[in-house]
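As structure tokens, the structure follows; a few thoughts come after it.
The values are calculated or read from the model by the stated rules, or taken from the named source; none is laboratory data. Note that the structure is a prediction, hence the values are computed from the model and not measured. Ideal geometry is used to build each Cβ from the backbone, glycine not excepted, and the neighbour counts take in all protein chains shown.
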Amino acid sequence: MALSFVPLPTSPRPIISIGAGGIVRDAHLPAYKLAGFPVAGLFDPDGAKAAKLAADFGVPRVFSSLAEAVAQAPAHAVFDVAVPASALPEVLPALPDGAPVLIQKPFGDNLAAARQLLALCERRRLLAAVNFQLRTAPGVAEARRLIAAGVIGELHDLEVRVTVYTPWQLWTFLEGIPRVEILYHSIHYVDLVRSFLGEPTGVHAKTTCHPLAPKLAATRTTMALDYGDALRATITTNHGHHFGGAHQESYVKWEGTRGALKLRLGLLLDYPRGEPDALALCAPGADGRPGDWQPVPLAGNWFPHAFIGPMAALMRFANGETADLPTRVADACRTMAVVEAAYESSARGATPIPA
């Protein structure tokens, strides 16, 4: 069986969900239901929250502890770990040696933590990947297909722009930690850029706080990834635009030598309800001049459909159906390295203007 934007495993494995937070409710479990992936049980330190989530989605088992979840997991289970980055050093060592594990981003609080987690995964032989699901959003998958087919010519510009109001109060664990926006949000876009353009040679970045969000570290970012003099990649985010929807923006835009693609990420325009994603194509007409923008049909949205992709890839890899695991933890460390460089760039400050 396959959805139009992602191949599915021929034999889906049972899933044990570690964590019962908002992302599991809004994206993980709805995606697995769409794909027909069986969720065998879940655990969260908040037992009442776990019980409510299980009842709402028909999950047959709620475990009283992480140890119980591991001990009573079905054979060949996949562990879906959706906890804050600070909890990963406690959760991952408790999982069985050699188990397939999908880890919610970010892969640690910083690059040093990511390297330690990578060593742990290798030592325990975990078949581990990180849930960088934006790569497999239906709109991104369709854009990737069109670019590979040469529809817009040679890709030379990739831009991500987000100007929205994000209700950060939904994630209280972010309050008081030193890194917020890049580590927990723009990391998606960094990973997306890498998936299209490969490794940048460097990054220029500035990330800033918002005066109306005093409990949070920086929530606004401007970033340019260095791919030389002919290829531009930029990420600009402002999560404090609390002035209605008229001028909110949330998009990824790819420009090539013959055309362009623009994907509206509707989720962020009214999070968590969101609006539909929308992809548009501007391709040359018969005379070679740019034509009108035309809509491109999509098979779903970033939430929840993209969350099918990383889990499907991990199951197929664990089953031996593919040798490719795109968001494996080693690759996730490269995304974390770019994130680290962005924070270092922001801390160093701008080049002084000559007198």
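Just a few scattered comments:
- Residues satisfying the criterion are present in segment 247-268 (criterion: in a loop (DSSP other than H, G, I, E, B), within 26 Å of the chain's Cα centre (by Cα) and either polar (S, T, N, Q) or exposed (fewer than 15 other Cβ atoms within 10 Å of the Cβ) (or both)).
- Members of segment 284-318 found to be in contact with a strand residue (DSSP E or B) (Cβ under 6 Å, 6 or more places away or on another chain), of a type in the set (A, V, I, L, M) and outside any helix (DSSP H, G or I), listed by number: Val296, Leu298
- Candidates in segment 282-321 are the residues that are polar (S, T, N, Q) and in contact (Cβ under 8 Å) with a residue 24 or more places away in the chain; of these, the one that is nearest to Cys121 (Cα to Cα) is Asn319.
- If the condition is being surrounded by fewer than 20 Cβ atoms within 10 Å (Cβ to Cβ) and in contact with a Leu (Cβ under 7 Å, 6 or more places away or on another chain), then segment 269-278 contributes Gly274, Glu275.
- Filtering Leu118, Leu102 for residues that are surrounded by fewer than 22 Cβ atoms within 10 Å (Cβ to Cβ) and either part of a strand (DSSP E or B) or not charged (D, E, K, R) (or both) leaves a single hit, Leu118.
- First in segment 179-208 and under 27 Å from Ala148 (Cβ atoms) and touching a residue at least 12 places away in the same chain (Cβ under 8 Å), second anywhere and of a type in the set (S, T, N, Q) and surrounded by fewer than 22 Cβ atoms within 10 Å (Cβ to Cβ), Cβ under 7 Å, 6 or more apart: Val203/Ser345
- The residue pairs whose first member lies in segment 252-264 and is under 13 Å from Arg289 (Cα atoms) and without any contact (Cβ under 8 Å) to a residue 40 or more places away in the chain, whose second member is β-branched (Val, Ile, Thr) and part of a strand (DSSP E or B), and whose beta carbons are closer than 6 Å, counting only pairs six or more residues apart or on different chains, do not exist in this structure.
- For segment 121-150, the tally of residues that are more than 19 Å from Val339 (Cβ to Cβ), assigned to a helix (DSSP H, G or I) and not small (Gly, Ala, Ser) stands at 10.
- Verdict on Ser64 being loosely packed, with under 14 Cβ neighbours inside 10 Å and modelled with pLDDT under 95: no
- Among residues of segment 104-123, those that are in contact (Cβ under 8 Å) with a residue 60 or more places away in the chain and either touching an Asp or Glu at 6+ places or on another chain (Cβ under 9 Å) or polar (S, T, N, Q) (or both), counted: 5
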